[in-house]
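Here is the structure we will look at.
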Amino acid sequence: MLSNPDSDVVLSVTDVVTQFDTADGRVHAVNGVSFDVREGELLGVVGESGCGKTVTMMSLVKLLPMPPGKIVGGSALFDGQDLIQADSDALKKIRGGKIGFIFQDPMTSLNPVLTVGYQLTEALRLHKNSSKSAARKRAVELLELVGIPMAKDRLDDYPHQFSGGMRQRVMIAIALSCDPKLLIADEPTTALDVTIQAQILDLIQILRKELGMAIIWVTHDLGVVANLADRVMVMYSGFIVERADVEKLYSTPKHPYTHALLRTLPQMEGERAQRLESIEGQPPDQLLQPESCPFSPRCVYSFERCTRENPFLEFVSEGHEVACWWDLENDRPREVS
Amino acid sequence: MQLANEKTPGMSDANSSKPLLRLKNVKQHFPITAGLLRRQAGMIKAVDGVDFDLMPQENLGLVGESGCGKTTLGRTILHLYRPTEGQILFKDVNLTQLKPSALRALRPKMQMIFQDPQDSLNPRMTVGSIIAEPLDEHSTLKGKDRSNRVEELLDAVGLNPRYTNRYPHEFSGGQRQRIGIARALGLNPEFIICDEPIAALDVSIQAQVVNLLEDLQEKLGLTYLFISHDLGMIRHISKRVAVMYLGKIVELGPAHELYSRSRHPYTKALLSAVPLHNPGREAKRERIILTGDVPSPANPPSGCPFRTRCPIAETRCANSMPQPKKLSLGHWVACHLVD
């Protein structure tokens with residue numbers, strides 16, 4: 001049994017490396033990712049498709065197809081055990097119990113031939129050994145908690161009888177059913193319309209205050225995490241390139257990628273840009289072992305060192321870490337201790 | 001909603017030139033059939049009385065949530081479906097009354113760029129033959145002229161002209177969308193419907209494609225109907241914006257006015273639901289959170305389509321459909337409670 005050194009750290013991830021062996025070769029999906037999530041904290045994980053944000057989360061709880069996936073190394077301490085080393089029986093107890101999940105598309109993650117009530121009570125009966133009637137009672141409470149009207153009558157409805165937003169509420173209710181210490185939400189609002197997304201984000205804010213669990217919120221939408229997260233980490237090509245408190249990341253982004261990404265977004269207020277800034281080029285080919293900075297081919301600040309060495313994530317100011325050889329604020333190469 | 005010509009929303013009061021495209025009370029209803037005999041059991045009113053004008057070289061943004069009928073409207077304009085009712089005039093020609101052969105002769109002038117470049121490109125055709133297909137159908141270009149034109153088009157969208165023999169899977173998402181754009185440009189169209197052209201692309205690639213579309217518009221004098229659910233991008237790319245809800249246009253106006261002084265309660269809620277990428281500003285902003293979901297277009301509410309979710313709805317909203325009102329130059333709102 002291992003113990004967490006920091007008492008308020010719920011999950012402590014160190015150097016997770018995940019690869020996929022495909023017909024084309026080895027895909028380097030996650031290349032050494034480390035992070036902590038504290039009690040009651042909402043950690044935003046932002047990146048474009050293929051940056052490894054989902055694979056990182058799925059590696060922690062081994063929800064990857066293995067093979068072709070392979071967790072090459074690393075550790076993830078949760079509740080006194082290393083999830084990476086844990087066997088499948090131990091993981092079964094944790095998944096859906098102390099760690100809850102919300103996935104992107106509520107239609108494909110709910111079983112269409114089982115009632116919502118069955119799917120809600122399944123986890124309760126499995127993890128908490130609740131009786132059938134107690135589980136049903138709790139299920140009604142959960143549906144009320146996530147704002148589904150006439151919860152009692154809807155328990156015996158099937159997923160197709162719910163709208164997209166309501167289905168996502170059901171998913172949230174299932175994730176919360178066993179009072180998780182940690183909730184992993186993977187693009188939970190991406191498939192929803194903006195007005196429905198606003199409802200779900202509002203709900204999450206209320207639930208957070210009420211239940212106080214830690215949340216990891218994975219998304220490609222920089223706007224969503226801006227008003228939700230306490231801290232945000234930005235991923236690119238399987239690396240964390242920047243991590244900071246939410247205000248700092250948005251006001252003074254220190255990685256050229258984050259900086260450029262925020263400037264490619266059109267503004268909803270104020271002066272309208274004449275022309276959008278764009279990041280030229282494409283994300284890198286992950287079949288190659290990354291040896292230099294993965295962003296350097298697209299980076300306007302790239303210099304000789306960037307093509308030679310891969311920068312590591314380091315603190316550059318209070319609550320702000322960045323993996324870049326260039327000091328964006330002072331417009332010169334970073335001085336490395 | 002029948003309107004006399006001079007009251008058609010979208011008539012640009014300042015511009016005296018003739019509209020390129022004019023929609024009058026366009027409706028697209030799809031029948032719902034049921035039972036063994038496929039008897040008609042109802043009607044999905046996907047587009048239910050839309051009027052607007054589109055000026056040459058204009059970029060009109062059409063926004064709305066999924067299921068509001070924006071894509072159906074785009075397809076109806078191009079007559080991929082015959083409209084159930086109403087008139088669609090393209091350069092003063094009423095498309096709804098044209099014979100198929102006459103419509104086909106006009107098609108090169110009107111093109112479409114689709115949302116998903118993966119689905120809209122045939123995986124078994126080379127990029128060269130994909131782009132040349134409209135040329136073979138509608139032009140007399142042959143041999144060297146034809147291949148020159150394909151290379152010219154690839155070059156125009158920022159792809160290497162030597163890529164003609166490659167297949168779609170060899171390209172990234174953003175590059176595939178460029179192929180779709182090249183195909184749409186082949187026959188020198190005047191009007192292009194961009195149906196969510198960036199929705200399937202990553203953020204860092206979206207800006208590249210939007211900049212390309214803007215450059216092409218300027219260079220070739222194109223007119224766009226830009227359909228999107230991305231309100232930020234519409235603000236950037238469109239000078240005028242139409243907001244659609246349940247098959248109807250609820251507000252239409254100049255982009256700067258609509259984004260700063262929107263009047264329809266739905267537009268207000270829609271704009272406030274977009275998360276800003278600015279944590280400090282976001283915390284101070286007043287957000288309107290709508291309750292409930294969009295009603296089914298098979299069974300729309302009586303009167304105003306938005307009244308079931310509207311925070312300020314009154315009894316009269318259930319009784320009659322509000323007619324579009326002109327508030328200022330080119331700004332139209334369909335709401336009983338706006339004066």
Seminar exercise, completed: Exception for residue B:101 within (1) part of a helix (DSSP H, G or I); (2) free of Cβ contacts under 8 Å to residues at least 60 places away in the same chain; (3) open to solvent by less than 80 Å² (accessible area, probe 1.4 Å) falls at (3)
Exercise. Could you say whether any residue in segment B:295-305 is under 26 Å from residue A:161 (Cα atoms) and open to solvent by less than 10 Å² (accessible area, probe 1.4 Å)?
Worked result: yes
Exercise. Mind checking which residues of segment B:260-276 are at the interface with chain A (Cβ under 8 Å from one of its Cβ atoms) and either buried (at least 21 other Cβ atoms within 10 Å of the Cβ) or hydrophobic (A, V, I, L, M, F, W, C) (or both)?
Worked result: B:269, B:270, B:271, B:273, B:274, B:275, B:276
Exercise. Out of curiosity, is residue B:119 open to solvent by 40 Å² or more (accessible area, probe 1.4 Å) and either modelled with pLDDT of 90 or more or not charged (D, E, K, R) (or both)?
Worked result: no
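Just name the residue that is farthest from the other protein chains (Cβ to nearest Cβ) out of those in segment A:237-262 that are assigned to a helix (DSSP H, G or I) and β-branched (Val, Ile, Thr). It would help to see each step written out before you state the result.
Keep residues of segment A:237-262 that are assigned to a helix (DSSP H, G or I), which gives A:246-251, A:256-262.
Going one step further and asking which of them are β-branched (Val, Ile, Thr), we end up with A:246, A:258.
Values: A:246: 5, A:258: 11 Å.
Here the answer is A:258.
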For this session: Scan segment B:16-32 residue by residue and report those that are hydrophobic (A, V, I, L, M, F, W, C) and within 18 Å of the chain's Cα centre (by Cα).
Result: B:20, B:21, B:23, B:26
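Could you please find all residues in segment A:139-155 being surrounded by fewer than 17 Cβ atoms within 10 Å (Cβ to Cβ) and in a helix (DSSP H, G or I)? Break it down into steps so the answer makes sense when it comes.
Narrowing segment A:139-155 to residues surrounded by fewer than 17 Cβ atoms within 10 Å (Cβ to Cβ): A:141, A:144, A:149-150, A:152-153.
Residues satisfying the conditions are A:141, A:144, A:152, A:153.
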Problem set entry | One residue from B:247, B:292 being at pLDDT 90 or above and out of contact with any helix residue (DSSP H, G or I) (no Cβ under 7 Å at 6 or more places or on another chain) | B:247
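Within segment A:53-86, track down each residue that is open to solvent by 10 Å² or more (accessible area, probe 1.4 Å), outside any helix (DSSP H, G or I) and closer than 17 Å to residue A:187 by Cβ. Walk me through how you get there before you give the answer.
Kept after step one, since they are open to solvent by 10 Å² or more (accessible area, probe 1.4 Å), are these residues of segment A:53-86: A:53-55, A:58, A:62-68, A:70-75, A:77, A:79-82, A:84-86.
In the following step, the residues that additionally are outside any helix (DSSP H, G or I) were identified as A:62-68, A:70-75, A:77, A:79-82, A:84-86.
Selection gives A:63, A:64.
Considering only residues that are among the hydrophobic types (A, V, I, L, M, F, W, C) and at the interface with another protein chain (Cβ under 10 Å from one of its Cβ atoms), which ones fall in segment A:201-232? Steps first, please.
Keep residues of segment A:201-232 that are among the hydrophobic types (A, V, I, L, M, F, W, C), which gives A:201, A:203-204, A:206-207, A:211, A:213-218, A:222, A:224-226, A:228-229, A:232.
Scanning segment A:201-232 gives A:201, A:203, A:222, A:224, A:225, A:226, A:228, A:229, A:232.
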Problem set entry | Failed criterion for residue A:57 (all others in (1) at positive phi; (2) modelled with pLDDT of 90 or more hold) | (1)
For this session: From B:314, B:286, B:251, grab the single residue that is open to solvent by 40 Å² or more (accessible area, probe 1.4 Å), away from chain A (no Cβ under 13 Å) and touching a residue at least 12 places away in the same chain (Cβ under 8 Å).
Result: B:314
For this session: Would you confirm whether any residue within segment A:20-27 is open to solvent by less than 20 Å² (accessible area, probe 1.4 Å) and either touching a residue at least 60 places away in the same chain (Cβ under 8 Å) or of a type outside the set (Phe, Trp, Tyr) (or both)?
Result: no
Problem set entry | Odd one out for residue B:279 among (1) away from every other protein chain (no Cβ under 14 Å); (2) open to solvent by less than 30 Å² (accessible area, probe 1.4 Å); (3) not basic (Lys, Arg) | (1)
Seminar exercise, completed: Inside segment B:26-63, the number of residues satisfying the requirement of being open to solvent by 50 Å² or more (accessible area, probe 1.4 Å), part of a strand (DSSP E or B) and closer than 26 Å to residue B:237 by Cα is 0
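With respect to residue A:168, is the statement that it is within 13 Å of chain B (Cβ to nearest Cβ) and surrounded by fewer than 18 Cβ atoms within 10 Å (Cβ to Cβ) true?
On the way: within 13 Å of chain B (Cβ to nearest Cβ): yes; surrounded by fewer than 18 Cβ atoms within 10 Å (Cβ to Cβ): no.
Taking the combined requirement at face value, the residue does not satisfy it.
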For this session: Return the pairs, sorted by first residue and then second, in which the second residue is hydroxyl-bearing (Ser, Thr, Tyr) and in a loop (DSSP other than H, G, I, E, B), the first residue lies in segment A:275-288 and is within 11 Å of chain B (Cβ to nearest Cβ), the beta carbons are less than 9 Å apart, and the residues are 6+ apart or on different chains.
Result: A:282/B:172; A:283/A:49; A:283/A:237; A:283/B:172
For this session: Might you check whether a residue that is more than 14 Å from residue B:183 (Cα to Cα) and either open to solvent by less than 80 Å² (accessible area, probe 1.4 Å) or touching a helix residue (DSSP H, G or I) at 6+ places or on another chain (Cβ under 6 Å) (or both) occurs anywhere in segment B:124-139?
Result: no
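From the set of residues in segment A:87-97 that are without any contact (Cβ under 8 Å) to a residue 60 or more places away in the chain and closer than 19 Å to residue A:171 by Cβ, which is most open to solvent (accessible area, probe 1.4 Å)?
Of all residues in segment A:87-97, those without any contact (Cβ under 8 Å) to a residue 60 or more places away in the chain come to A:87-95.
Narrowing the set further to residues that are closer than 19 Å to residue A:171 by Cβ leaves A:94-95.
On the way: A:94: 11, A:95: 56 Å².
Step by step, filter segment A:87-97, then rank; the result is A:95.
The values are calculated or read from the model by the stated rules, or taken from the named source; none is laboratory data. Since the structure is predicted, the reported quantities are computational estimates derived from the model, not experimental observations. Ideal geometry is used to build each Cβ from the backbone, glycine not excepted, and the neighbour counts take in all protein chains shown. These area figures cover heavy atoms from the full protein model, side chains too; ligands, DNA and RNA do not enter into them. Shrake-Rupley method; radii C 1.70, N 1.55, O 1.52, S 1.80 Å.
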